[in-house]
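The values are calculated or read from the model by the stated rules, or taken from the named source; none is laboratory data. Just so it is clear, the structure is predicted and the values come from calculations on it, not from any experiment. Every residue, glycine as well, gets a Cβ built from its backbone with ideal geometry; the counts of neighbours run over all protein chains shown. Surface areas here come from the heavy atoms of the whole protein model, side chains and all, with no ligands, DNA or RNA. Shrake-Rupley method; radii C 1.70, N 1.55, O 1.52, S 1.80 Å.
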Amino acid sequence: WAGVFSPDARWIAYSSTETSGANIYVRPFTAAGPSGVPAVGQGKWQVSRDGGNWAKWVGEEIIFNDIPAGTTQYAARVKAGGDAFESETPERLFAGPGTAAEWGISPDGQRFLLAVPQVQQAGQAPISVVLDWPALVKK
């Protein structure tokens, strides 16, 4: 399923149904394996605890959405160095419209961009655009 590289491109986080239901896993990624082509290294760690999909790796966190609804976002702090990988218990961030595949996150992980339905409000004031306003001020 959908995978995403760590910021240093040494690890890959992905969703897989290799156990009961979809979960987020991390494996090392080797730029050049024994045959000279990219390869997935040894070792595999499960990050999500109760299902997960659409991982996004931001700094020292992996952010993903829940299963099956896909509308609650979780974050797990991770430490990846050398051949060692550790992840903390994922924490709930927020519930919102859409799945992680439908939203974006800033590189620093501080802002989320979500598509939300447009709300029509009755009686909205019109917007006036005045062109060449300096000429009107001179009069």
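Structure above, values below:
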| read-out | value |
| --- | --- |
| Single residue of 63, 67 found to be in a loop (DSSP other than H, G, I, E, B), without any contact (Cβ under 8 Å) to a residue 60 or more places away in the chain and out of contact with any Cys (no Cβ under 9 Å at 6 or more places or on another chain) | 67 |
| Some residue of region 114-131 being part of a strand (DSSP E or B), open to solvent by 30 Å² or more (accessible area, probe 1.4 Å), closer than 27 Å to residue 16 by Cβ and not charged (D, E, K, R) | no |
| Verdict on residue 89 being at pLDDT 80 or above and not in a loop (DSSP other than H, G, I, E, B) | no |
| Identity of the residue in region 73-85, without any contact (Cβ under 8 Å) to a residue 24 or more places away in the chain and surrounded by fewer than 14 Cβ atoms within 10 Å (Cβ to Cβ), that ends up nearest to the chain's Cα centre (by Cα) | 79 |
| Check on residue 61, open to solvent by 40 Å² or more (accessible area, probe 1.4 Å) and modelled with pLDDT of 90 or more | yes |
| Filter pass, residue 21 being among the small types (Gly, Ala, Ser), out of contact with any Ser or Thr (no Cβ under 6 Å at 6 or more places or on another chain) and either at pLDDT 80 or above or over 15 Å from residue 78 (Cα atoms) (or both) | yes |
| Residue list for region 35-55, restricted to those being at pLDDT 75 or above, open to solvent by 50 Å² or more (accessible area, probe 1.4 Å) and not polar (S, T, N, Q) | 44, 45, 49, 50, 54 |
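Let's see how each residue does on (1) of a type in the set (Gly, Ala, Ser); (2) in contact with a Leu (Cβ under 9 Å, 6 or more places away or on another chain); (3) modelled with pLDDT of 80 or more:
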residue: 103; (1), (2), (3): no, yes, no
residue: 106; (1), (2), (3): yes, yes, yes
residue: 114; (1), (2), (3): no, no, no
residue: 117; (1), (2), (3): no, no, no
residue: 123; (1), (2), (3): yes, no, no
residue: 135; (1), (2), (3): yes, no, yes
